[in-house]
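What follows is a set of notes on a single structure, which appears directly below.
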Amino acid sequence: MDTLTRWDHLLFQKSQSHSYWRQWAGVSRWVSRTGDGPPYAVLGLVLWFSHLPQLQGYVVDALMAFVLELPCYLAIKNTCKRRRPTAAIAGCQAYIQPSDQFSLPSGHTAAAFLMAVLAVAHLGIWGVLALPWALMVGLSRVLLGVHFPSDILAGAALGGGIACFILWS
């Protein structure tokens, strides 16, 4: 087992062995749902129909970013084929049923960081408030038992990187 895998397994197991894991998993389920697709669609529609050019620009950039992010995410996930914690660690429990069998990268985290980085660019200081939310979405996926910590880092890098590419191109 390589160093990264040992580190991931150790941190993951520590998160699940914490005495408050089940309580945090309940909160994490809610936080994770804020990173599902439908809330992004609702947010996009609300911002678009605000008729404020700054907010509409955010929506356009988010759509362009997701057009790039989704195929990259799927290519990485289906190339790496990293097993989820429940398949990789004996006795591991997941609080939710993941949508697929592979864990790297975290799609929820990628989407959250994509939106957060774009929010900072379009909304300035107010957009910075989206960064802690994106981090909480990523951490919630570990607490829910469906991702390793490095899956979260990879998702943050993917989403943030795609957002930066859109902003600077």
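The values are calculated or read from the model by the stated rules, or taken from the named source; none is laboratory data. Since the model is a prediction, treat every value here as computed from it, not as a measurement. Glycine also receives a Cβ, built like all others from the backbone with ideal geometry; neighbour counts cover every protein chain displayed. Only protein heavy atoms, including side chains, enter the accessible area calculation; ligands, DNA and RNA are left aside. Shrake-Rupley method; radii C 1.70, N 1.55, O 1.52, S 1.80 Å.
For the chain, modelled as a GNM whose springs connect Cα atoms under 10 angstrom apart, the maximal fluctuation among Leu70, Leu131, Leu52 occurs at Leu52. Helical runs (DSSP H, four residues minimum) scored at -39500 (n - 2.57) apiece and divided by the length of the chain put the mean residue ellipticity at 222 nm at -24000 deg cm²/dmol. Averaged over its residues, the chain has an accessible area of 55 Å² per residue, based on protein heavy atoms and a 1.4 Å probe. For semi-axes √(5λ) of the Cα gyration tensor in Å, pick the label among (1) 21, 19, 16; (2) 30, 17, 13; (3) 25, 16, 16 that corresponds to the value derived from the coordinates. Step by step, semi-axes √(5λ) of the Cα gyration tensor in Å for this structure corresponds to label (2).
Within the accessible area of the chain, the carbon and sulfur atoms contribute 70%, probe 1.4 Å, all protein chains present.
Give the residue from Val146, Ala41, Cys72 lying farthest towards the positive end of the charge dipole for the chain; charges sit on Cβ (+1 for Lys and Arg, -1 for Asp and Glu) and the dipole is referred to the Cα centre. Farthest along the dipole direction, towards plus: Val146. The chymotrypsin sites (Phe, Trp or Tyr not before Pro) of the range 67-142 include none that meets both conditions, a loop assignment by DSSP and at most 12 other Cβ atoms within 10 Å of the site Cβ.
Its residues counted as N, the range 25-92 yields a C-alpha radius of gyration over 2.2 N^0.38 Å of 1.54. Charging the Cβ of each Asp and Glu at -1 and of each Lys and Arg at +1, and nothing else, the dipole of the range 32-109 about its Cα centre rounds to 400 debye. Size of the range 56-101: Rg and Dmax of its alpha carbons, in Å, are 15.5, 47. Counting only Cβ charges, +1 for Lys and Arg and -1 for Asp and Glu, the dipole size of the chain around its Cα centre is about 520 debye.
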